[in-house]
Amino acid sequence: MPGTEKTAEKQRGRPFKKGQSGNPGGRPKGARNVTTLAMEALLDGQAEALTQKAIDLALTGDMGALRLCLDRIMPVRKDRPVSFELPSVDSAQDAAKVSSAVLAAVASGDLTPADAGEISKLIDTWVKAFETAELAERLERLERMTHQ
């Protein structure tokens, strides 16, 4: 194809070799985005008036303004406490009993599947930590036995 031999010179995207850039020091700490600074300059001193306008629109029935105001008053909760009687976990074998209890709670409607998934992750993390500690203890005992 004619003209393709010089396309590599004109390509954008990764103009620098790995580990080298036009700004090796990186962006200075605390440096702010130019667009953000421009928007703040435009809105400077207008926050109270804009807030009052949004409230006035919400009170007259503007659903977008109402949603905006309510989201600021009471944001959507991303998580909530769960009341669930969790059996004690003192060994890896107990984790199986806890998993059964979690499944039973989901089946009875006491726990949502999403909550059960999060609790199961906690159980898995506990089991891994327990197994790691147990393995380290066994290894330490073996090392003591071989050094005697």
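The values are calculated or read from the model by the stated rules, or taken from the named source; none is laboratory data. The shown structure was predicted, so the numbers you read here are calculated from the model rather than taken from an experiment. All Cβ positions, glycine included, derive from the backbone under ideal geometry; neighbour counts span all protein chains shown.
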(1) among the small types (G, A, S); (2) at pLDDT below 90; (3) surrounded by 10 or more Cβ atoms within 10 Å (Cβ to Cβ) all hold for A107 apart from (2)
Can you tell me which residue within the range 50-87, out of those that are surrounded by fewer than 10 Cβ atoms within 10 Å (Cβ to Cβ) and over 30 Å from A116 (Cβ atoms), is farthest from the chain's Cα centre (by Cα)?
T60
Of the numbered conditions (1) assigned to a helix (DSSP H, G or I); (2) in the same structural domain as L135 (by TED's automatic domain parsing), L57 fails exactly one; give the number of that condition.
(2)
Name the residue, out of A95, A101, that is surrounded by 12 or more Cβ atoms within 10 Å (Cβ to Cβ), among the aliphatic types (A, V, I, L, M) and touching a Pro at 6+ places or on another chain (Cβ under 9 Å).
A101
Within the range 23-35, is there a residue that is part of a helix (DSSP H, G or I) and either at pLDDT 75 or above or outside the structural domain of P113 (by TED's automatic domain parsing) (or both)?
yes
Restricting the range 110-148 to residues that are within 24 Å of K78 (Cα to Cα) and of a type in the set (D, E), the one surrounded by the most Cβ atoms within 10 Å (Cβ to Cβ) turns out to be D115
Determine whether G25 is loosely packed, with under 10 Cβ neighbours inside 10 Å, free of Cβ contacts under 8 Å to residues at least 60 places away in the same chain and at positive phi.
no
Residue list for the range 60-103, filter: part of a helix (DSSP H, G or I) and closer than 30 Å to W126 by Cα:
A92, Q93, D94, A95, A96, K97, V98, S99, S100, A101, V102, L103
Among the candidates V76, V106, V102, which residue alone is touching a Ser or Thr at 6+ places or on another chain (Cβ under 8 Å) and over 30 Å from E134 (Cα atoms)?
V106
Examine the range 104-115 for a residue that is assigned to a loop (DSSP other than H, G, I, E, B), of a type outside the set (G, A, S), farther than 30 Å from L59 by Cα and in contact with a Phe, Trp or Tyr (Cβ under 7 Å, 6 or more places away or on another chain), and state whether such a residue exists.
yes
